[in-house]
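The values are calculated or read from the model by the stated rules, or taken from the named source; none is laboratory data. What you are looking at is a predicted structure, and each value in this text was computed from that prediction instead of being measured. As a convention, Cβ positions derive from the backbone with ideal geometry for all residues, glycine included, and neighbour counts pool all protein chains shown. Side chains are part of the model used for accessible areas, which takes the heavy atoms of the whole protein and leaves out ligands, DNA and RNA. Shrake-Rupley method; radii C 1.70, N 1.55, O 1.52, S 1.80 Å.
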Amino acid sequence: MAEIKITQKQNNSTEITISGELTIYCAMDAYQQHFQQLKVKEITLFQFGNISEIDTAGVQLLIMLMKIVSEQKSSYQVTTLGEALTDYSNLFQLNRYFIDFEDLTELTSDNAEDKQ
């Protein structure tokens, strides 16, 4: 089961720390309990360094979380990335979401241009 901690900092930032297992067995609960009504500040920092296990549902949840944050006009950064997520990202070529990204809106607009 994933442990999720959301901290609203006084320096106008939000810190979201996820640790433990982020799999199909807990992804929906994590979304409903923590992210469905999430409100973030101007800057959001993601700490994914202690995710011990992740599957496709967990990755989808993280990407959805980045989209939610982006829609609220918050800039964001992945500050820590653990071995489980790094391995998964490398295996399925998802580094642009967790390592190489500039902004999720840029990824979305790139995809939209490719479709035209």
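Points to keep in mind about this one:
- In loop segments of the range 17-86 as defined by DSSP, the trypsin sites (Lys or Arg not before Pro) with at most 11 further C-beta atoms inside 10 Å of their C-beta are LYS39, LYS73.
- Spatially close Lys pairs in the chain, defined by Cα atoms under 30 Å apart and a spacing of eight or more places or different chains, total 14.
- Area accessible to solvent at SER89, 1.4 Å probe radius, in Å²: 0 Å²
- Virtual spin-label span in nm between SER19 and ASN50, 7 Å along Cα→Cβ: 0.1 nm
- Residue-normalised accessible area of the chain, given per residue in Å² at a 1.4 Å probe: 62 Å²
- Cα centre as origin, Lys/Arg/Asp/Glu Cβ charges: the chain dipole, Debye: 480 debye
- The stretch between ALA57 and THR80 holds 6.3 nm of extra length on full extension. This uses 0.36 nm per residue minus the Cα-Cα distance.
- Enclosing the Cα atoms of the range 44-104 in their convex hull gives a volume equal to 68 cubic angstrom per residue.
- Label zone (GLN37, point 7 Å along Cα-to-C-beta; backbone nitrogen cut-off 17 Å) within the range 1-28: 5-8.
- With eigenvalues of the C-alpha gyration tensor scaled by 5 and rooted, the chain, Å: 20, 19, 13
- Annotation for the range 28-104: chymotrypsin sites (Phe, Trp or Tyr not before Pro) lying in DSSP loop with at most 16 further Cβ atoms inside 10 Å of their Cβ are PHE92, PHE101.
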